[in-house]
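The block underneath contains the structure these notes are about, expressed in structure tokens.
The values are calculated or read from the model by the stated rules, or taken from the named source; none is laboratory data. Being a predicted model, the structure only gives us computed values, none of them experimental. Methodologically, a virtual Cβ is constructed for each residue, glycine included, from the backbone with ideal geometry; neighbour enumeration extends over all protein chains shown.
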Amino acid sequence: MKTDYEVNIGLEIHAELKTKTKIFCSCKNSFGDKPNTNVCPVCIGLPGTLPVTNKQAVILAIRAGLALGSRISPHLLFDRKHYFYPDLPKAYQISQDKLPLCIGGGIKLDSGKFVRFNHIHLEEDAGKLIHDTFTDQTFIDYNRGGVPLIECVTEVDLSSAEETVEFLTKLRQTLIFADVANCKMEQAGMRCDVNLSVKKHGSSELGTKVEMKNLNSFKSVYGAIKYEMNRQIEELEKGGKIVQETRKWDETKEITTSMRKKEESKDYRYMPEPDFISINISPKDIDKIRNTLPMMPEERFKKYTEEYGLPEQDANLLISEKDYSDYFDNCLKLFFEPKTVANWIMTDLLKLLKSANFNTLEDIISEEYLCIILKLLADKKITRPVAKELFEKTIQTKNNPLEIAKTEKMLSTISSEQICKIVDQIIAEKPELKSEYKVQPDKITNFIVGGVMKQTQGKADATFIKDYVSKIMN
């Protein structure tokens, strides 16, 4: 990219809220069900139907705003946004225009830059169009129609693809930790529209804006921004003009292509929604919702590093997903050895999570069962190799690991005195080990450890053996 241009990016991010039912009716809010089964006269817009606001959707939208530092409006008002498209049977969307629910707020990037939200508003989702290229037909699934959304609209504060992806990563993390949304981008649970323009350095006016719609992965966002900023700069360098339009990202060709002329606000003919009255939101209501917010990632990171003494790398990995962090916190309530628990999560559990058919760490092994194993290990009732074996058997059987250990005689019955006698015996049988130890201490120590483990069937404590060898050899 030419260095005499700067890029200006604003985002519109849609996130589906974690409600059991849709925003204005009692139909299920569920992904993956048979097409057109979660529908009713209200959400498919039959004449004469009246919507009713889902209280939980409002609470979650307010919670999102509070987690992101927004000011909450004292009144909830809905507007009609008119446009015709096959996935919107009413030919209008119930949304918010003049008075959004959440105003301001933002996210701080690692560089220290603060990316501001203009507002966050509440609205309903549209249905889903399914294009069959083989038959050249388009099908419509209205299951998604009426699912509650928040739309997070930023100021034009971003200036690169890298900043944008970091911002979206932090936003997704915040919404998940606040228990507002799942943000599963592969299920369209979080989608992003990118508004991008370029201008010469020093220019006080923004360039002509181009919108790229419905980007549903960070990879798509990154690629679309990189391509579009270069396309616009090349067009300006040739003396051309940028047309205000909506473009789509072609993942296969890695290019953006024109979809349609960009609509303006007046084209939507916003009007107050006549089927709703204003809902008042008191400071007491807001405080009550604020008190339900769990600890956010930044707070958890500080606690893990400063209170628990974890390395920053460990803390960053644990807060990368709410499931990891919650699992870690729950384990510490049962077995307060932060580094030990973190190590098992980061190595043994995450390895299984990525390679096997598990959705969460809890699916692999419960916090209670993992901590039973860790306590047995800490109390030297099992060795680490036995702990690994017990861990695997617990996952396979889903049985209590203590009962497994007792049934399969895994618990150590080897005393410290017995270990010392075995070590002394090994050295007495091979007196040359003492002289060899002075030259190759690690090799001789490992040889003795192996001998003890063989005689005790792996039930001896390797650390105790090494300490004893070092004591008698030096």
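Yes or no: residue 122 under 30 Å from residue 276 (Cα atoms), under 22 Å from the mean Cα position of the chain (by Cα) and in a strand (DSSP E or B)? Steps first, please.
Details: under 30 Å from residue 276 (Cα atoms): yes; under 22 Å from the mean Cα position of the chain (by Cα): yes; in a strand (DSSP E or B): yes.
Yes, satisfied.
Evaluate segment 108-123: report whether one residue or more is touching a Ser or Thr at 6+ places or on another chain (Cβ under 6 Å), aromatic (Phe, Trp, Tyr), under 25 Å from residue 10 (Cα atoms) and assigned by TED's automatic domain parsing to the domain that holds residue 278.
Yes; the residues of segment 108-123 include at least one that is touching a Ser or Thr at 6+ places or on another chain (Cβ under 6 Å), aromatic (Phe, Trp, Tyr), under 25 Å from residue 10 (Cα atoms) and assigned by TED's automatic domain parsing to the domain that holds residue 278.
Checking the conditions here, which among 326, 285, 314 is within 28 Å of residue 57 (Cβ to Cβ) and buried (at least 17 other Cβ atoms within 10 Å of the Cβ)? Give the steps one after another, and end with the answer.
On the way: 285 fails: buried (at least 17 other Cβ atoms within 10 Å of the Cβ); 314 fails: within 28 Å of residue 57 (Cβ to Cβ).
Residue meeting the stated conditions: 326.
Out of 422, 372, 404, I need the residue that is closer than 30 Å to residue 473 by Cα and either surrounded by 18 or more Cβ atoms within 10 Å (Cβ to Cβ) or acidic (Asp, Glu) (or both). Which one?
Details: 372 fails: closer than 30 Å to residue 473 by Cα; 404 fails: closer than 30 Å to residue 473 by Cα.
After ruling out the rest, the residue left standing is 422.
Against the condition of a type in the set (Val, Ile, Thr), crowded, with 18+ Cβ neighbours inside 10 Å, closer than 23 Å to residue 118 by Cβ and touching a Pro at 6+ places or on another chain (Cβ under 8 Å), how does residue 23 come out, does it pass?
Working: of a type in the set (Val, Ile, Thr): yes; crowded, with 18+ Cβ neighbours inside 10 Å: yes; closer than 23 Å to residue 118 by Cβ: yes; touching a Pro at 6+ places or on another chain (Cβ under 8 Å): yes.
It is true that residue 23 is of a type in the set (Val, Ile, Thr), crowded, with 18+ Cβ neighbours inside 10 Å, closer than 23 Å to residue 118 by Cβ and touching a Pro at 6+ places or on another chain (Cβ under 8 Å).
Residue pairs, Cβ under 8 Å, 6 or more apart or interchain, first in segment 59-72 and in the same structural domain as residue 148 (by TED's automatic domain parsing) and farther than 13 Å from residue 151 by Cα, second assigned to a helix (DSSP H, G or I) and aromatic (Phe, Trp, Tyr). List them.
67/177
Counting only residues that are acidic (Asp, Glu), closer than 27 Å to residue 390 by Cα and under 46 Å from the mean Cα position of the chain (by Cα), which one in segment 402-444 is modelled with the highest pLDDT? Walk me through how you get there before you give the answer.
Of all residues in segment 402-444, those acidic (Asp, Glu) come to 403, 408, 417, 424, 429, 432, 436, 442.
Add one more test, that the residue is closer than 27 Å to residue 390 by Cα, and what stays is 403, 408, 417.
Next, only the ones that are under 46 Å from the mean Cα position of the chain (by Cα) stay: 403, 408.
Working: 403: 95, 408: 88.
Filtering first and then ranking leaves 403.
Kindly establish whether residue 347 is exposed (fewer than 13 other Cβ atoms within 10 Å of the Cβ), in the same structural domain as residue 217 (by TED's automatic domain parsing), on the phi < 0 side of the Ramachandran plot and free of Cβ contacts under 8 Å to residues at least 24 places away in the same chain. So that I can check it myself, show each step before the final result.
Numbers: exposed (fewer than 13 other Cβ atoms within 10 Å of the Cβ): yes; in the same structural domain as residue 217 (by TED's automatic domain parsing): no; on the phi < 0 side of the Ramachandran plot: yes; free of Cβ contacts under 8 Å to residues at least 24 places away in the same chain: yes.
So residue 347 does not fit the description; no.
Mind checking whether some residue in segment 83-98 is polar (S, T, N, Q) and part of a loop (DSSP other than H, G, I, E, B)? Even if it seems obvious, please write down each step before you answer.
Going through segment 83-98, the residues polar (S, T, N, Q) turn out to be 93, 95-96.
So of that shortlist, the ones also part of a loop (DSSP other than H, G, I, E, B) come out as 96.
Scanning segment 83-98 turns up at least one residue that is polar (S, T, N, Q) and part of a loop (DSSP other than H, G, I, E, B).
Output the residues belonging to segment 88-100 that are touching a residue at least 60 places away in the same chain (Cβ under 8 Å) and over 30 Å from residue 138 (Cα atoms).
Answer for segment 88-100, where residues must be touching a residue at least 60 places away in the same chain (Cβ under 8 Å) and over 30 Å from residue 138 (Cα atoms): 97, 98.
Tally the residues that are assigned to a helix (DSSP H, G or I) and either at pLDDT below 80 or among the β-branched types (Val, Ile, Thr) (or both), restricting the search to segment 463-474.
Qualifying residue count for the region: 4.
Could you list all residues from segment 251-271 that are surrounded by 14 or more Cβ atoms within 10 Å (Cβ to Cβ) and either in contact with a strand residue (DSSP E or B) (Cβ under 7 Å, 6 or more places away or on another chain) or without any contact (Cβ under 8 Å) to a residue 12 or more places away in the chain (or both)?
Within segment 251-271, 256, 262, 268, 270 qualify.
Are any residues in segment 379-398 surrounded by 13 or more Cβ atoms within 10 Å (Cβ to Cβ) and either in contact with a strand residue (DSSP E or B) (Cβ under 7 Å, 6 or more places away or on another chain) or not charged (D, E, K, R) (or both), and if so, which ones?
382, 383, 386, 387, 390, 391, 394, 395
Give the residue, chosen from 15, 64, that is assigned to a strand (DSSP E or B), buried (at least 21 other Cβ atoms within 10 Å of the Cβ) and not hydroxyl-bearing (Ser, Thr, Tyr). Write out each step before concluding.
On the way: 64 fails: assigned to a strand (DSSP E or B).
After ruling out the rest, the residue left standing is 15.
Listed here are the residues, each with its yes/no results for (1) basic (Lys, Arg); (2) crowded, with 20+ Cβ neighbours inside 10 Å; (3) in contact (Cβ under 8 Å) with a residue 40 or more places away in the chain.
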position: 86; (1), (2), (3): no, no, yes
position: 103; (1), (2), (3): no, no, no
position: 117; (1), (2), (3): no, yes, yes
position: 128; (1), (2), (3): yes, no, yes
position: 134; (1), (2), (3): no, no, no
position: 154; (1), (2), (3): no, yes, yes
position: 161; (1), (2), (3): no, yes, yes
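Any idea which of 79, 87, 33, 4 is of a type in the set (Asp, Glu) and in contact with an Asp or Glu (Cβ under 7 Å, 6 or more places away or on another chain)?
Residue meeting the stated conditions: 79.
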